[in-house]
Amino acid sequence: MEDSVPVIRVPAAAFRQPADAPIVVAAALLSEGRLLAAQRSYPADTAGRWELPGGRVEEGESEQHALSRECREELAVDVVPGVRLGPDVPLPDGGLLRVYLAVLADPAATPRALEHRAIRWVAREQLDALDWLDADRALLPDLRGGLG
């Protein structure tokens with residue numbers, strides 16, 4: 001007789017985020033077939049890892065407005081948010097990450113790392129070489145698709 005392993009069933013509701021979970025938006029900022037990646041400077045446990053630029057949606061603010069505001073604050077550029085990319089990704093603090101494709105409002109503008117250690121444009125084949133935060137890493141298949 002085979003050994004059987006007990007199966008523990010966890011209701012799907014245990015994995016759902018509350019309807020009022022904080023939303024964090026991030027920009028999959030594309031230019032000339034490349035994606036802008038930002039290297040965190042803090043906190044210490046994530047410093048040096050890479051992410052998409054963005055931040056929390058404030059009360060009464062649309063996700064698109066938050067994305068534009070965060071890119072101005074973090075990169076000193078205006079962006080034009082586009083369509084959502086990929087699924088919601090649960091964050092360790094209980095929030096949800098939502099990524100939007102975006103382009104520079106002025107294609108000649110140059111993003112600057114105001115709140116990050118560094119920024120860099122990466123091509124599709126370079127995505128796996130970066131040490132992404134886990135939430136952003138979960139979106140790599142979608143980001144590859146966005147880069148064509």
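The values are calculated or read from the model by the stated rules, or taken from the named source; none is laboratory data. Just so it is clear, the model here is predicted, and its values are computed rather than measured. Counting neighbours? That spans all protein chains shown, and the Cβs are built from the backbone with ideal geometry, glycine included.
Report yes if ARG98 is surrounded by 12 or more Cβ atoms within 10 Å (Cβ to Cβ) and touching a residue at least 60 places away in the same chain (Cβ under 8 Å), otherwise no.
Against the criterion (surrounded by 12 or more Cβ atoms within 10 Å (Cβ to Cβ) and touching a residue at least 60 places away in the same chain (Cβ under 8 Å)), ARG98 qualifies.
Determine whether the range 106-114 contains at least one residue that is assigned to a strand (DSSP E or B) and among the acidic types (Asp, Glu).
No.
Please find, among VAL99, VAL103, VAL80, the residue that is within 11 Å of VAL25 (Cα to Cα) and in a strand (DSSP E or B).
Details: VAL103 fails: within 11 Å of VAL25 (Cα to Cα); VAL80 fails: within 11 Å of VAL25 (Cα to Cα).
Of VAL99, VAL103, VAL80, the one residue that is within 11 Å of VAL25 (Cα to Cα) and in a strand (DSSP E or B) is VAL99.
Which condition from (1) on the phi > 0 side of the Ramachandran plot; (2) loosely packed, with under 15 Cβ neighbours inside 10 Å is the one that GLY145 breaks?
Against the list (1) on the phi > 0 side of the Ramachandran plot; (2) loosely packed, with under 15 Cβ neighbours inside 10 Å, GLY145 comes up short only on (1).
Could you pull out the residue among ALA38, ALA66, ALA135 that is in a strand (DSSP E or B), touching a residue at least 40 places away in the same chain (Cβ under 8 Å), among the small types (Gly, Ala, Ser) and closer than 15 Å to VAL25 by Cα?
Working: ALA66 fails: in a strand (DSSP E or B); ALA135 fails: in a strand (DSSP E or B).
Within the list ALA38, ALA66, ALA135, the selection yields ALA38.
I'm told ASP93 meets every condition in (1) more than 25 Å from TYR42 (Cα to Cα); (2) assigned to a loop (DSSP other than H, G, I, E, B); (3) at pLDDT below 95 except one. Can you identify the failing condition by its number?
Against the list (1) more than 25 Å from TYR42 (Cα to Cα); (2) assigned to a loop (DSSP other than H, G, I, E, B); (3) at pLDDT below 95, ASP93 comes up short only on (1).
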